[in-house]
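To start, the structure itself, in structure tokens.
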Amino acid sequence: MTGTIVIAATPTPNGDLHVGHMAGPYLAGDIHARSLRAAGRPVTYATCTDDSQSYMISTAAKHGTTPAELCATSTARIQRSVEAMGISLAPMPPIDDAYRQAVLDFVTPLYEEGRFELRTVRMPYAANAGTYLFDGLVKGECPACLTESCGGSCEGCGHPNHFDDLGDPRSVLDPADPVTSREVTVLVLPIENYRQELTAYYAARENTWRQHSRQLIREILARPLPEIPITVPSPGWGIDAPFAETPGQILYPWIEAMPASIYSTWKADGEPEGPVDQAWRAESGNSLVYFHGFDNVYFWGMVDLVMLLAHGDRYLTPDANVCNEFYELENEKFSTSRNHLIRGADLVAEVPRDLVRFYLALTCPEDQRANFTREGLDKVTAQRLRDPWNALADRIDTLVTDPGEELKVTDAGRRRAAVIVERFQACYDLTSFSLTRAADGIITQLARLLTTERAEPGDLLMEVRTFLACAAPILIDVTAEAEARGVELTLDTDAETIDAFLLPRLPGSVRSDRSTR
């Protein structure tokens, strides 16, 4: 059983995770989870790969492989990148028969309770291929913003589109294949049935949503609410729908997100005895937080919420959705197809990951698009983190003659240490969560600690130790080295004495070190 369940958006295993992904939900969720653990709160940080997505079909076709083979290779790469970046996610569970049963166990009671409704709808249809198109299999004009969009929702404006909403639809697998529309009967879950609950939910948690996401939610609520597809015609990939009314169809991939998260939480907790969903039960007393991108606000912020609400009062609902904007590389969108990307694992093989984590936190796209440059990484981390950090380590070397010696801490030192905790805690709390301000706080405190004179050496070391504890969710390696040397990283600032210690140094990146030779 956990105190807080932290869920990062389920990654689609159609490629590795690049720096843009890392700077979004995965690093943010990691830092929040680490800050909770540092405060003594039990946390499960989990996700799993989103294997059923239609993007698996289109990407596999592009690379001349099968969706199953693409899943296997990409999942291994994703896990490698997560571990290389020091993201404290639980190991992602296999998408196997047990997983598929968990999905069916979540969906089938809703069917049996009559929550789903049959609809005859028109869907894009590839004439030559003889297949219905949805989500990543179709592109067209977004009805909300008029830009190009895939099916399901628009990456640009975030608004949903379903069935035949897209203007001038065309097949992603074969743009030359004429696309018409045909009728098909599917099961849906009408979001409009939950308008009252949704309105109350968003009103109660408005201060946990960033401005752009809040605006999108208001825009969606101002219109007739869409219907969630529960089943879609099978493209030959996904979980078979077990409902008699929709033979030969699969479960709509996006409705797997909640049972997938429930399953990954159960696996992360070591498959405890009892129901798979016990940690997500409303009576568990747990709290729930999602981390995802703006382009998934509709799915994670509305579709998945309705999937939980449809079960009545059975399940938790998220206390917060922390959403990031897009992170660009050299002022252009990250693109796997154009090889315009930097993979997280490749970057930390060349640059110490504390420097990478710090730079991504400092420049992450919290409220608007942000930009990554390798030159910026080298320059900023050297000038604003590594050099002042190591200068502070030099200063402590001259101050501490006997590591382990007990030094007195004055009231003034304890007060300043408490202020450091307060400033960083405001960055890690959900109502004001900000990696950018936390990273800027590291810069600010470094400069202050380096230049401010202290009458009592114990006061300085108390502040440095507190600063280390507050920076630990971001700077995981240097703080782990400090702990290995016997430094107790604690947020308790009431101690009247402190054992003297030396501050570990930060290494430089391979490229920046070579450039100075």
Exercise. Considering every residue within segment 280-291, establish whether at least one is buried (at least 22 other Cβ atoms within 10 Å of the Cβ), out of contact with any Phe, Trp or Tyr (no Cβ under 8 Å at 6 or more places or on another chain) and either over 27 Å from Val186 (Cβ atoms) or at pLDDT below 95 (or both).
Key: yes
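Per-residue answers, yes or no, for (1) in contact (Cβ under 8 Å) with a residue 24 or more places away in the chain; (2) charged (D, E, K, R); (3) over 21 Å from Leu27 (Cβ atoms):
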residue: Met307; (1), (2), (3): yes, no, yes
residue: Tyr315; (1), (2), (3): yes, no, yes
residue: Phe334; (1), (2), (3): yes, no, no
residue: Ala345; (1), (2), (3): yes, no, no
residue: Cys364; (1), (2), (3): yes, no, no
residue: Asp378; (1), (2), (3): yes, yes, no
residue: Asp394; (1), (2), (3): no, yes, yes
From the option list Glu197, Glu183, Glu148, Glu155, single residue qualifying as open to solvent by 70 Å² or more (accessible area, probe 1.4 Å) and at pLDDT below 95 is Glu155
Q. Yes or no: Met56 among the aliphatic types (A, V, I, L, M) and under 15 Å from the mean Cα position of the chain (by Cα)?
A. no
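Residues that are closer than 24 Å to Thr199 by Cα: find the strands (runs of 3 or more DSSP E) completely inside segment 231-313 holding 1 or more of those. First the steps, then the outcome.
On the way: elements: 231-233, 249-251, 287-293.
Counting at least 1 such residues, we get 287-293.
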Pairing a residue in segment 484-506 that is closer than 18 Å to Ile396 by Cα with any residue that is assigned to a loop (DSSP other than H, G, I, E, B) and of a type outside the set (A, V, I, L, M, F, W, C), where Cβ atoms lie under 6 Å and the two sit 6 or more apart in sequence or on different chains, gives Asp499/Gly404; Ala500/Pro403; Ala500/Glu405; Phe501/Pro403; Leu502/Pro403
Of the residues in segment 119-133, those that are among the hydrophobic types (A, V, I, L, M, F, W, C), surrounded by fewer than 21 Cβ atoms within 10 Å (Cβ to Cβ) and within 34 Å of the chain's Cα centre (by Cα) come to Val121
Given (1) of a type in the set (Asp, Glu); (2) closer than 27 Å to Leu288 by Cβ; (3) part of a strand (DSSP E or B), Glu219 misses just (3)
The lone condition Arg214 fails out of (1) assigned to a loop (DSSP other than H, G, I, E, B); (2) open to solvent by 40 Å² or more (accessible area, probe 1.4 Å) is (1)
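Being over 30 Å from Asn321 (Cα atoms) and modelled with pLDDT under 95: is that true of Thr452 here? Steps first, please.
Working: over 30 Å from Asn321 (Cα atoms): yes; modelled with pLDDT under 95: yes.
So Thr452 fits the description; yes.
Return yes or no: is Gly404 in contact with a strand residue (DSSP E or B) (Cβ under 7 Å, 6 or more places away or on another chain) and open to solvent by less than 20 Å² (accessible area, probe 1.4 Å)? Let's see the steps before the verdict.
Numbers: in contact with a strand residue (DSSP E or B) (Cβ under 7 Å, 6 or more places away or on another chain): yes; open to solvent by less than 20 Å² (accessible area, probe 1.4 Å): no.
No.
The values are calculated or read from the model by the stated rules, or taken from the named source; none is laboratory data. Just so it is clear, the model here is predicted, and its values are computed rather than measured. Here Cβ is always computed from backbone atoms with ideal geometry, including for glycine, and neighbour counts include all displayed protein chains. Please note that ligands, DNA and RNA were not included when accessible areas were found on the heavy atoms of the full protein model with its side chains. Shrake-Rupley method; radii C 1.70, N 1.55, O 1.52, S 1.80 Å.
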